[in-house]
Every structure is written in structure tokens, then in C-alpha cells.
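S.K.: The structure follows.
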Amino acid sequence: MVFSDPLFVFFFIPIFLLFFYATTRLKNALLTKLVIVFFSLAFYGWWKVEYLSIILISIAFNYIVHIAILRSADSHRNKIFFVTLGITGNLLALGYYKYYNFFIESLDFMFGFDIQTFSIILPLAISFFTFQQIAFLCDTYSGKTGQGHFIDYIIFVCFFPQLIAGPIVHHSNMMPQFANNFRDWSNYSFQNIKKYLVVGIALFCVGLFKKVIIADNLSQVVGPVFDAYAAGDVLSTTETWLGVLAYTSQIYFDFSGYSDMAAALAFMVGIRLPRNFFSPYKASSIVDFWRRWHITLSNFLRDYLYIPLGGNRGGPARRHLNLMITMLLGGLWHGASVVFIAWGALHGSALVVCHLWTQHAPATARRLLDHGGGWLITMLVVIMGWVLFRAADLDTAWSMLHSMFVGADAWGLQTAGGWPPLAILLILLSGVIAVCFPNTVEIFGDQDVFIADEKTPRPSPSVGDRPRAFGVTIHVPPFALNARWAAVIGCLAFFYVVYVSRIGAHNEFIYFQF
């Protein structure tokens with residue numbers, strides 16, 4: 001089920017909230033948690049009910065391993081055995097469903113084998129809930145977790161607002177909320193419920209607008225351009241740039257919209273999720289970009305891959321090698337394809353160059369990038385990366401990049417029927433919104449919607465919030481319970497209703513495929 005689906009918006013959410021708040025009136029914590037579990041599993045099983053067994057087996061396996069590690073506190077050997085067993089079991093499941101055919105096809109290509117591949121359907125969210133549980137087992141081994149209630153752990157893994165595409169939540173942020181929120185029923189006083197619902201609905205409408213009105217409309221521009229290159233055609237430089245810029249905005253508003261809606265749905269029941277976006281297209285360097293884009297994934301890669309590999313210990317060469325390994329595996333996490341590995345390699349190389357520049361470039365040279373140069377270079381790297389991310393294969397990506405940077409036709413629009421002016425206008429407006437408008441963390445900052453995570457400090461406003469390339473930031477007042485904001489949210493909801501009544505369809509989120 002998709003957050004933007006009218007069935008979800010007009011039926012699933014109201015029914016869930018009705019049952020949830022009915023149980024809070026009974027002041028029965030177990031019953032309230034069971035409502036969350038039931039609706040989360042129903043949400044997951046809506047796509048393929050038979051795949052419920054996969055996530056349930058994964059939950060049971062990891063919780064049993066968690067208990068085994070805790071009970072082996074006096075035996076270091078046993079702790080190593082159980083944590084190794086748990087991580088191996090998770091990676092084997094992920095490897096089979098997501099990487100088996102890729103591995104076999106790679107062997108066939110390199111060595112001429114003729115090994116048969118299987119028709120394997122990738123279970124929804126397997127990358128997300130696998131990463132969350134690996135982190136949980138690692139922290140259990142390190143003594144950072146105690147024995148939590150099994151039902152709290154189930155909710156931690158399958159809580160439907162963040163289950164399918166994140167954010168990748170950490171047990172230290174979420175399980176205390178599930179364990180403690182329903183012990184003090186004053187959390188669900190009438191005044192608090194009013195705030196949860198009003199603020200949650202407002203933030204949900206903002207995310208819905210990003211997804212349906214911006215991202216889904218941009219997808220109608222993106223598809224024909226990338227499909228043409230996948231079929232072997234070559235478009236003009238202008239058309240290629242328009243298609244790539246459209247995808248640059250589409251993936252931003254698609255994933256940012258999902259993250260907003262996820263946080264909104266959780267807040268509707270008094271649960272706070274970590275922020276996952278902070279205006280990444282305002283970043284002045286590729287390092288800054290990864291502090292802002294998919295923040296929870298960046299945190300996971302840092303804490304459970306980069307640091308265990310040695311981090312910045314062992315000298316600059318080792319640090320850069322660790323960065324490359326981390327980004328290559330981060331690219332592979334997104335998909336079993338060479339293009340994702342190439343995307344990770346591009347970002348890893350850019351991070352290494354960025355660190356080398358920061359450490360060794362003279363101050364006069366670094367100042368050259370202060371007035372928009374750093375932002376421009378960062379966006380060029382990010383845009384080239386999105387070509388790899390979206391292209392069907394490396395040949396397609398190379399053909400597109402060649403047209404963008406080497407193509408001779410810089411102005412022509414050769415596509416049959418031309419480009420509708422509204423499509424070009426939407427590309428421009430979406431870019432302005434991403435670069436010049438405040439983000440939802442800033443707009444809803446006074447409402448305490450997101451977890452304040454000390455591990456992800458807010459980027460410096462002087463660097464990212466006001467890109468010197470433009471020297472302008474459009475002011476939007478913080479969200480408040482007033483008539484002006486009610487009118488704005490009403491308009492956003494109206495646009496959604498009109499759009500779905502006219503189109504009658506919904507697109508899946510891009511990150512559903514991961």
C-alpha cells in the first residue's frame with residue numbers, strides 16, 4: 001500500500017487512528033501496541049500476504065539471537081558466535097533475495113559459466129529491516145541494549161510509517177518510545193491528541209504534495225528521456241539535461257515526501273522519527289551533501305561500516321580506502337546492479353577528493369569555492385550520480401553523460417510533439433523550492449515532530465541554508481495553529497484530491513525497489 005493511494009489516505013489512516021485512540025481511552029498498553037502491530041502487518045501484507053512470513057521469521061530469528069547474546073554475557077566466545085550467527089543469517093537472507101541473480105550473472109559473464117538464475121521477487125523493505133536488525137544485534141553485542149519486551153521489538157521492526165522506505169530507525173531512539181509512551185497516559189490527553197493530529201495531518205499534506213503534485217508529474221518527463229536512451233536513441237543536449245534535471249528533482253521530492261509522510265504518520269500517534277532530510281541540494285560540498293541526504297542511512301554506514309573498518313584511524317590512505325569501501329557497499333545496498341556500484345564509486349571518489357582538497361588546498365584556492373563554486377561542483381557530481389542511479393545500464397548512462405557534456409546540439413527540442421511549457425516550468429519551480437525554500441524540519445521545528453539526534457548536528461546555516469550562488473532564501477513562517485496555515489494546508493489537500501480524481505492512479509515511491 002502506498003502512502004499517496006486514496007485507499008490509504010481516506011480509509012486505512014482513519015480506521016487505524018480510530019482503533020488506536022479507542023484503545024488509549026481504555027488505557028491498556030498491550031492492546032494499544034497490538035493495534036499498531038496488527039495494522040503494520042496488514043499494511044505490509046497488502047502487497048503479498050505470503051511475504052508476511054519472511055518479515056515475521058526475520059523478527060523472531062533476530063530477537064532469539066538478541067536474547068542468546070544477552071544470556072552469554074559471561075562467555076565472550078558465545079557472544080561472538082551468536083552475533084556472527086545473527087549477522088550471517090541476515091546477510092544470507094538479504095543476499096538470496098536481492099543479490100543471488102546478480103552474483104550468478106556476474107559469474108556467468110566473467111567466467112563463461114551457465115548457471116541458472118531464479119525468478120526471485122524482492123520482498124518489500126528487506127534492505128531496511130535487515131539493516132535495522134543488524135544494528136540492533138551489533139549493539140546488543142556491545143552491551144548497548146538490554147532485554148526489551150518482544151512486542152516493542154516487533155513494533156520497532158515493522159512500524160508501518162517507516163517500514164517500507166525508512167528512515168532507518170535506531171533502537172535507542174524508538175524502543176524507549178514504544179516502551180514508555182503508553183505508561184503515562186497523560187501523553188494522550190485531549191490537548192496532546194489535538195496537537196498530534198493537527199500537526200501530523202499538516203505535515204502529511206506537505207509530503208503528499210511533494211510526492212503527488214511534484215514528483216509524480218516530473219516522472220512523466222523523466223520516463224521518456226531515460227527510456228529513449230535505454231532503447232538506443234540519442235536526444236539533444238537540451239532534452240537530456242531537462243530529463244536529468246527532472247529526475248534530480250523527482251527523486252528529491254519523492255523520497256523527501258515519503259520521509260515527511262512517515263514522520264507525520266508516526267507523530268499522529270505520538271511517536272517521533274529521526275529526520276532524514278535537511279535540504280541536501282543546498283550543500284556546499286559532497287561531505288555536506290551526505291550529512292543532509294538520507295541522514296539515517298549515512299549514520300548507519302558511518303557507525304556500522306566505516307568506523308568498524310577503521311574510520312579515519314590508520315592514516316589518510318586507510319581513511320580514503322575505508323570511505324571508498326563504505327560508499328561502494330552503500331551503492332550495492334541500493335540495488336544489485338553495476339550502475340549502483342558505479343554510483344557508489346562516484347560518490348566515494350568525490351568524498352576522497354573533497355577531503356584531500358580541504359586538507360591540502362591553499363586557503364586562497366579554497367576561497368574560490370566560497371561564492372557558489374563549491375555548491376555548483378557538488379550539484380554537478382550529484383546530478384551525474386543520478387544519471388547512473390536511474391539509467392538501465394552503464395552504456396545508457398555513458399550515452400546520456402556524453403550528450404550532456406559533449407553533445408553538439410545545445411538548444412534543440414527534438415522530441416515528437418515538443419516539450420509542454422508546464423513541464424519545463426515544473427522543473428524550474430521544483431529546483432527553486434529545493435534550493436531556496438526552508439525545509440520541513442525548519443518549518444515544523446517548533447512542533448517537536450522529529451527526534452533531535454545529537455549524532456547528526458544541524459549543518460551550518462552559513463554554508464547550506466543560504467547558498468551564496470544565489471544569495472536568496474525565501475522566507476516561510478514556522479508552522480502554527482492559525483488560519484493562514486490552515487488555508488495553506490487546505491490548498492495542498494485540495495490539489496491532491498483534484499489530481500487523484502482526474503488521474504485516478506498513483507506511483508510507487510522510488511525507494512520501494514530497495
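S.K.: Would you order Asp303, Asp233 from fewest to most other beta-carbon atoms within 10 Å of each residue's own beta-carbon?
M.R.: Ascending number of Cβ neighbours within 10 Å: Asp233, Asp303.
S.K.: Can you work out ³J(HN,Hα) from phi for every residue in region 182-188, in order, using Karplus 6.51 cos²θ - 1.76 cosθ + 1.60 and θ = phi - 60°, giving whole Hz and x for Gly and Pro?
M.R.: Each residue of region 182-188 in turn: 9, 8, 10, 6, 5, 4, 10 Hz.
S.K.: For region 255-300, taking Cα atoms only, what is the radius of gyration to one decimal and the Dmax to the nearest whole Å?
M.R.: 11.7, 37
S.K.: Let me ask something else about it. With 10 Å bins from zero, work out the P(r) of region 52-172 over every alpha carbon pair and list the percent per bin.
M.R.: Result, from short to long distances: 13, 39, 28, 15, 5, 0 percent.
S.K.: Would you kindly derive the ³J(HN,Hα) couplings of region 487-493 from the backbone phi angles with the Karplus curve 6.51 cos²θ - 1.76 cosθ + 1.60 (θ = phi - 60°), listing them in order in whole Hz, with x for Gly and Pro?
M.R.: The phi angles translate into 5, 4, 5, x, 5, 4, 5 Hz.
S.K.: Starting from the Cα gyration tensor of region 139-207, multiply each eigenvalue by 5, take the square root, and state the resulting semi-axes largest first in whole Å.
M.R.: With the √(5λ) rule applied to region 139-207, the semi-axes are 26, 18, 9 Å.
S.K.: On to the next question. Is the C-alpha gyration tensor of region 203-335 telling us rounded, prolate or oblate? Criteria: a/c under 1.5 is rounded; beyond that, a/b larger than b/c is prolate, otherwise oblate.
M.R.: The shape class here is oblate.
S.K.: If region 303-345 were replaced by its equivalent ellipsoid, with semi-axes equal to the square roots of 5 times the Cα gyration tensor eigenvalues, what would those be, largest first, whole Å?
M.R.: Equivalent ellipsoid of region 303-345: 22, 10, 5 Å, largest first.
S.K.: Once the piece of chain linking Val406 and Arg77 is laid out straight, how much longer is it, given 0.36 nm per residue of separation minus the C-alpha distance between them?
M.R.: Full extension from Val406 to Arg77 adds 112.6 nm.
S.K.: Another one. Of Glu508, Glu50, how do they rank once you tally other Cβ atoms within 10 Å and put the fewest first?
M.R.: Glu50, Glu508
S.K.: Taking the Cα centroid of region 193-232 and of region 31-95, what is the distance between the two, rounded to the nearest whole Å?
M.R.: Result: 32 Å between the Cα centres.
S.K.: Peptides 90-98, 22-30: what's the order by average Cβ count within 10 Å, highest mean first?
M.R.: Descending packing order for the listed peptides: 90-98, 22-30.
S.K.: Taking the alpha-carbon centroid of each part, what is the distance from region 126-145 to region 248-288 in angstrom?
M.R.: Cα centres, region 126-145 to region 248-288: 22 Å.
S.K.: Okay, moving on. Which value in nm describes the separation of the simple spin-label points at Asn28 and Leu52, placed 7 Å from the Cα toward the beta carbon?
M.R.: Distance between label points: 2.0 nm.
S.K.: Now for a different question. Which net charge results when you count Lys and Arg as +1 and Asp and Glu as -1 among the other residues whose beta-carbon is under 15 Å from that of Val212?
M.R.: Charge balance near Val212 sits at -2.
S.K.: Here is a follow-up. By average Cβ neighbour count within 10 Å, what is the ranking of 328-334, 248-254 from highest down?
M.R.: 248-254, 328-334
S.K.: Placing +1 at every Lys and Arg Cβ and -1 at every Asp and Glu Cβ, with all other atoms neutral, what dipole size does the chain have around its Cα centre, in debye to the nearest 20?
M.R.: My answer is approximately 1620 debye.
S.K.: What is the gain in length, in nm to one decimal, between Asp184 and Leu329 on full extension, counting 0.36 nm per residue of separation less the C-alpha to C-alpha distance?
M.R.: Length difference between fully extended and current span is 48.0 nm.
S.K.: In sequence order, what are the phi-derived ³J(HN,Hα) couplings for region 75-92 according to the Karplus relation 6.51 cos²θ - 1.76 cosθ + 1.60 with θ = phi - 60°, rounded to whole Hz, with x for glycine and proline?
M.R.: 10, 4, 4, 5, 4, 4, 4, 6, 5, 5, 4, x, 5, 4, x, 5, 5, 5
S.K.: A further question on this structure: Out of Asn187, Phe209, Gly89, whose Cα points farthest toward the positive end of the dipole of the chain (charges: +1 Lys, Arg; -1 Asp, Glu; placed on Cβ)?
M.R.: Asn187
S.K.: Which FRET efficiency value, to the nearest 0.05, is calculated for Arg366 and Lys194 with the Förster distance at 56 angstrom and r the Cβ-Cβ distance?
M.R.: After rounding, the FRET efficiency stands at 0.65.
S.K.: Calculate, in nm to one decimal, what Trp398 and Phe495 gain on full extension: separation in residues at 0.36 nm each, minus their alpha carbon distance.
M.R.: 31.1 nm
Bear in mind that the values in this text are calculations on the coordinates, not laboratory data. Being a predicted model, the structure only gives us computed values, none of them experimental. Because the Cβ atoms are built from the backbone with ideal geometry, glycine has one as well, and the counts that use them run over all protein chains shown.
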